[in-house]
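Since the structure comes first, as structure tokens, the remarks are kept for the end.
The values are calculated or read from the model by the stated rules, or taken from the named source; none is laboratory data. Keep in mind the model is a prediction, meaning the values are calculated, not measured. All Cβ positions, glycine included, derive from the backbone under ideal geometry; neighbour counts span all protein chains shown.
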Amino acid sequence: MKKLVLLIVAPLIFCWTIVSVNSECNLPTNLIKEIQSYEEIATNIINSLTTGKYKGGTYNELAKFVDTFGARVSGTENLENAIDYALALMKQYGLENVHGEEALVPHWVRNEERGEILEPRKANLPVLGLGSSVGTLANGIEAEVVVVKTFDQLKGLNTTIKGKIVVFNEDWITYGTSVAYRSHGASEAARFGAEAVLIRSVTPFSMSTLHTGWQDYEEGVVKIPTACISKEDAQLFQRYQDRGQKIVVRLHLNYTRFEDSKSRNSVGEIQGSTYPDKVVLVSGHIDSWDVGVGAMDDGGGAFISWYALAVLHGLGLRPRRTLRAVLWTAEEPGLVGWAAYNASHYNELDNFTFVMESDEGTFSPLGINYAAGVEGGCIIQEIVKLLAPINATQAVPSTNGVGSDISAWTSSLLPGASLLNENQRYFWFHHSAADTMDVLDPDNLDKSTAVWAVVSYIIADLTDDFPRNRDQPRVKVVN
Ligand SMILES: *[C@@H]1O[C@H](CO)[C@@H](O)[C@H](O)[C@H]1NC(C)=O
Ligand SMILES: *[C@@H]1O[C@H](CO)[C@@H](O)[C@H](O)[C@H]1NC(C)=O
Ligand SMILES: *[C@@H]1O[C@H](CO)[C@@H](O)[C@H](O)[C@H]1NC(C)=O
Ligand SMILES: *[C@@H]1O[C@H](CO)[C@@H](O)[C@H](O)[C@H]1NC(C)=O
Ligand SMILES: *[C@@H]1O[C@H](CO)[C@@H](O)[C@H](O)[C@H]1NC(C)=O
Ligand SMILES: [Zn+2]
């Protein structure tokens, strides 16, 4: 997940308003009855995943996938091999119309990186370059360090920045807020003549973990190398500086940005029985960072998406509308696979009934986070009642859209949803070497797949189209 503005905090803000939202729903009785009529189907789906034939399946397939391919970096042959494998899996499990759709994606690789503190005490400095960073010259950079906590502090220092290595020791506030330093820190510091930038890893918790991520150079500003350091080292630099100690660091960073290359969004379907042209889309992204193996971000989201369709197919369930699983490519370098898909399917969006993406973890699921207008919200609230057997009955509105790739669609154009789950620890692992299968739990993946399958199936099968109206969800703040 790259751009996750507010998505993580939204549940915390809104969860106590649900009751009031609920009580204000005024759905037609026949629609409520129709949704309730799916109870047996929902229970069958849930049971098949929690005790039946599909128990453990999401985890096992994901583990095999992740153990086989490891990290799946945009632009690499390994990612393309992983995509071939995912397409074959979808076919093997009976999905229809399985195919890849081309997208041109960035290709950035780290060759070599070393950091060293020279003053006031010689020490190794672990560094992890940010995506799209340029490297240093062959003999590296040796310079004095200036630590700032905010962009305002940087501006205040102005001319004293020239020739220095700027360390951003930003506080963790939320991902959406703090990530600005990772995304724009290099160009902001380059304006004042900095030689290089080091960013405190964007995470609420650290055991000396480094958390990379894409960064964007601003056009017309000189491109300087940028990498992240641990929270611990950023705080060390802060203490040195606060005591007036001179800090000198040596960096040797070598990265290559290759030409963009061809990748694919992976698509598989259950075609609709009555309205095959109408689409309910479920998704996650298949690419990952190069550190860790992208089991959490976003192996989990990608695998609950296609596996939900595999389970529905296995249970003989074919909804009226087409259910489409999409495994986005190149989300990490800036939603690039989605952008290609949006461009080539934009004129079909009228027939996209509902869009879903899971890219904020597949920990213990709580329900659904939605961006769907008033009536749509009421429908979701009615649907998630059927998830009572797994306690995933919360329906939490988001005013800013949901999902990462699909966020531009769901912020204004299309109704959609993401997986509400107990993801308080998500950013402990995000974009770090710690994003491995150990983060995931088989039972939680079963339940997450169940939420995904039940919600997408019912929306794809209801007699009437899900309401298109994307007015603000009705959120009544109690107190
Ligand atoms: C960076 O690494 C590449 C690949 O190892 C090497 O060919 C190149 O010379 C290095 N560049 C610099 C500036 O050290
Ligand atoms: C920084 O200082 C220069 C030279 O004194 C001045 O021209 C510039 O406006 C200052 N920049 C900011 C952002 O304050
Ligand atoms: C989606 O595609 C349409 C059509 O090409 C384009 O106008 C729109 O800007 C795209 N949306 C985004 C957020 O890129
Ligand atoms: C939507 O699907 C209908 C058939 O159900 C088709 O006639 C129509 O062309 C589609 N609209 C768009 C915009 O693709
Ligand atoms: C649901 O919650 C109840 C009450 O907290 C608990 O007893 C039950 O085990 C939970 N069920 C599942 C499937 O987690
Ligand atoms: Zn992600």
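Worth pointing out:
- Filter result for Phe466 (assigned to a loop (DSSP other than H, G, I, E, B) and either more than 16 Å from ligand 2 (Cβ to nearest atom) or in the same structural domain as Thr329 (by TED's automatic domain parsing) (or both)): yes
- Restricting Glu357, Glu382 to those that are among the acidic types (Asp, Glu), within 18 Å of Ser411 (Cα to Cα) and more than 15 Å from ligand 4 (Cβ to nearest atom) reduces the list to Glu357.
- Failed criterion for Thr203 (all others in (1) buried (at least 16 other Cβ atoms within 10 Å of the Cβ); (2) hydroxyl-bearing (Ser, Thr, Tyr); (3) part of a helix (DSSP H, G or I) hold): (3)
- Residue match in the stretch 281-294 (condition: over 30 Å from Leu130 (Cβ atoms) and under 26 Å from the mean Cα position of the chain (by Cα)): yes
- Matching residues in the stretch 404-443 - criterion: being acidic (Asp, Glu) and surrounded by 24 or more Cβ atoms within 10 Å (Cβ to Cβ): Asp405, Asp435
- Every listed requirement among (1) in contact with a His (Cβ under 9 Å, 6 or more places away or on another chain); (2) assigned to a strand (DSSP E or B) is met by Thr322 save one, (1).
- Subset of the stretch 155-173 [closer than 18 Å to Lys246 by Cα and not in a loop (DSSP other than H, G, I, E, B)]: Leu157, Thr159, Thr160, Ile161, Ile165, Val166, Val167, Phe168
- Qualifying residue in the stretch 170-193 (condition: basic (Lys, Arg), in contact (Cβ under 8 Å) with a residue 24 or more places away in the chain and in the same structural domain as Cys228 (by TED's automatic domain parsing)): yes
- Taken over the stretch 122-138, residues that are at negative phi and in contact with a Lys or Arg (Cβ under 7 Å, 6 or more places away or on another chain) amount to 3.
- In the stretch 295-311 there is no residue that is acidic (Asp, Glu), within 16 Å of ligand 6 (Cβ to nearest atom) and part of a loop (DSSP other than H, G, I, E, B).
- The set of residues in the stretch 121-138 that are in contact (Cβ under 8 Å) with a residue 12 or more places away in the chain and either of a type outside the set (A, V, I, L, M, F, W, C) or in a strand (DSSP E or B) (or both) comprises Pro126, Leu128, Gly129, Gly131, Ser132, Ser133, Gly135, Thr136.
- The set of residues from the stretch 64-112 being crowded, with 20+ Cβ neighbours inside 10 Å, in a helix (DSSP H, G or I) and aliphatic (A, V, I, L, M) comprises Val66, Leu79, Ala82, Ile83, Ala86, Leu87, Leu89, Met90.
- Qualifying residue in the stretch 266-274 (condition: of a type in the set (Gly, Ala, Ser) and either part of a loop (DSSP other than H, G, I, E, B) or surrounded by fewer than 19 Cβ atoms within 10 Å (Cβ to Cβ) (or both)): yes
- Gly367 being within 16 Å of ligand 5 (Cβ to nearest atom), under 22 Å from Asp461 (Cα atoms) and in the same structural domain as Arg264 (by TED's automatic domain parsing): yes
- Check on Ser358, within 16 Å of ligand 6 (Cβ to nearest atom), at negative phi and in contact (Cβ under 8 Å) with a residue 12 or more places away in the chain: yes
- Residues satisfying the criterion are present in the stretch 51-63 (criterion: assigned to a loop (DSSP other than H, G, I, E, B) and of a type in the set (D, E, K, R)).
- The stretch 386-418: number of residues that are more than 16 Å from ligand 3 (Cβ to nearest atom) and touching a residue at least 40 places away in the same chain (Cβ under 8 Å): 14
- The stretch 337-381: number of residues that are within 16 Å of ligand 3 (Cβ to nearest atom), crowded, with 23+ Cβ neighbours inside 10 Å and of a type in the set (A, V, I, L, M): 2
- Residues in the stretch 275-294 that are part of a strand (DSSP E or B) and closer than 17 Å to Tyr307 by Cβ: Val280, Leu281, Val282, Ser283, Gly284, His285.
- Some residue of the stretch 384-391 being under 24 Å from Ala63 (Cβ atoms) and within 16 Å of ligand 5 (Cβ to nearest atom): yes
- Of the set (1) surrounded by fewer than 18 Cβ atoms within 10 Å (Cβ to Cβ); (2) touching a strand residue (DSSP E or B) at 6+ places or on another chain (Cβ under 7 Å), all apply to Arg121 but (2).
- Restricting attention to the stretch 325-370, the residues being assigned to a helix (DSSP H, G or I) and hydroxyl-bearing (Ser, Thr, Tyr) number 3.
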